[in-house]
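Working notes, structure below.
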Amino acid sequence: MSIITEKTITKEVLGSSSFPSNEVMLDLKKLKKVYPTPKGDYVVLEDLDLQIRKEEFVTIIGHSGCGKTTMLSMIAGLNPISGGNIAVLGKNISGPGPDRGVIFQAPSLMPWMTSLENVMLGVNQVFPHGTKSQRTDIAKYYLQKVGLEDSFHKKAAELSQGMQQRVGIARAFAIKPKVLLLDEPFGMLDSLTRGELQDILIEIWNKEKITAVMITHDVDEAIFLADRVVMMTSGPRAKIGDILDINFERPRTRKSVLEHDDYYAYRKHLIDFLEH
């Protein structure tokens, strides 16, 4: 029986932990984001350092307005970097690319297109040299993985929000990105649907082992999914405040996580951080 206390929880104070370069998939160095305003510059993020390993699942929590989504959109290449740099496998990014797949809170599908057509949009771009049937097979495979084998030809507008988000998950995995970025993908869903999609996400991730970075407001979701939970300080000038290693074996079940001796110590650690 392993009972842990506050002292024995692994904390890495940021900047002090670095991994061998051949293990690092995503490297954020001295990251800064500034928005000019009539009253002067507003600094959202400053001196933010974070390294994420290959095949690692990292969740990021912090108060609203701490710059979590800003950071994720910068990694995605959708928001310009004001200072510092972001590298994928040692190569600095300069904009969006197929090496980074994004799942947003709202699935942002083409409503007039079918589930299959929506997934094919990305697959066609990333695998232009495959035959049409090869590309279709890839799209169908991931739609089946998210439980939509009966909805290939339904228009996105006809699908529930939860089903639309399943299409979003299938689309992101189907382009075989090096890094999967998730911006509170289950935040708008009811708790039952949310639990189902967490299970689907982690089942596919266990098989694909794509490096994943996910923003969440939900402490339980953060613990259930992650190898490490990254805690961001409140903005402005937000940075990494603490990192918590989640030492649960994979693959995990919700039951095994909830029954684990360390679960409530992890949960208390995260809540204490958020309440300060």
- Message: Residue by residue through segment 189-206, what is 3J(HN,Hα) from phi via Karplus (6.51 cos²θ - 1.76 cosθ + 1.60, θ = phi - 60°)? Round to whole Hz and write x for glycine and proline.
- Response: 9, 5, 5, 5, 4, 4, x, 4, 6, 4, 5, 5, 4, 6, 5, 5, 4, 4
- Exposure-ranked with fewest Cβ neighbours within 10 Å first, Y42, Y142 stand as Y42, Y142
- With Cβ to Cβ distances under 13 Å as the rule, what net charge do the other residues near Y42 carry (K, R +1; D, E -1)? +2
- What's the extension gain from L89 to H276 if we count 0.36 nm per residue and subtract their Cα-Cα distance? 63.8 nm
- Task: With a/c under 1.5 counting as rounded, go ahead and sort segment 141-276 into rounded, prolate or oblate using the C-alpha gyration tensor (a ≥ b ≥ c being the square roots of the eigenvalues; past the cut-off, prolate if a/b is larger than b/c, else oblate).
- Result: prolate
- Item | Hz values of 3J(HN,Hα) by residue in segment 25-35 - Karplus curve (6.51, -1.76, 1.60), Gly and Pro given as x | 8, 10, 10, 9, 10, 6, 5, 9, 9, 10, 10
- With the convex hull built on the alpha-carbon atoms of the chain, volume per residue in Å³ sits at 145
- Computed over the chain: longest principal axis from alpha-carbon atoms vs helix 132-145 long axis, angle to nearest 10 degrees, is 50
- Check F57: other-chain or 5+ apart residues with amide H under 5 Å from its amide H, H built from backbone geometry? A212, D227, R228
- Item | Whole-angstrom gap from segment 44-120 to segment 186-227, using each part's C-alpha centre | 16
- Computed lengthening from N22 to S133, 0.36 nm per intervening residue step minus Cα-Cα distance: 36.4 nm
- Only helical DSSP H runs with n ≥ 4 go in: add -39500 (n - 2.57) per run for the chain, normalise by residue count and round the 222 nm mean residue ellipticity to 500 deg cm²/dmol. -10000 deg cm²/dmol
- Item | Amide H contacts under 5 Å for V102, placed H, 5+ residues apart | L181
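In whole angstrom, how long is each semi-axis of the equivalent ellipsoid of segment 105-176, when you take the square root of 5 times every eigenvalue of its Cα gyration tensor and sort them from largest down?
On the way: eigenvalues 70, 26, 23 Å².
Semi-axes from the Cα gyration tensor: 19, 11, 11 Å.
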- Message: For a 23 Å ceiling on Cα separation, which of these pairs sit above it: K30/K54; K132/K207; K32/K91?
- Response: K132/K207
- Sorted by packing (mean other beta-carbon atoms within 10 Å per residue), highest first, where do 64-74, 220-230 land? 220-230, 64-74
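Ranked from highest to lowest mean number of other Cβ atoms within 10 Å per residue, what is the order of the peptides 267-273, 118-124? It would help to have the intermediate numbers written out before the result.
Values: 267-273: 15.6, 118-124: 21.9.
Packing proxy ranking, top to bottom: 118-124, 267-273.
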- Item | DSSP beta bridge pairing in segment 169-276, given as percent antiparallel to the nearest 5 | 50
- Query: When the Karplus curve 6.51 cos²θ - 1.76 cosθ + 1.60 is applied with θ = phi - 60°, which whole-Hz ³J(HN,Hα) does each residue of segment 207-222 get, with x for Gly and Pro?
  - Reply: 7, 8, 6, 7, 4, 10, 10, 10, 8, 8, 9, 9, 4, 5, 4, 4
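Among bridges DSSP assigns within the chain, what percent are antiparallel (round to 5)?
Working: 24 of 42 bridges.
The antiparallel proportion sits near 55 percent.
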- Between E55 and F152, how many nm apart are label points set 7 Å from Cα along the C-beta direction? 3.2
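Quick note: the coordinates plus some simple rules give every number you see, no bench work behind them. Just so we're clear, the structure is a prediction, and the values are computed from it rather than from any experiment. We place every Cβ from the backbone using ideal geometry, glycine too, and count neighbours over all the protein chains shown.
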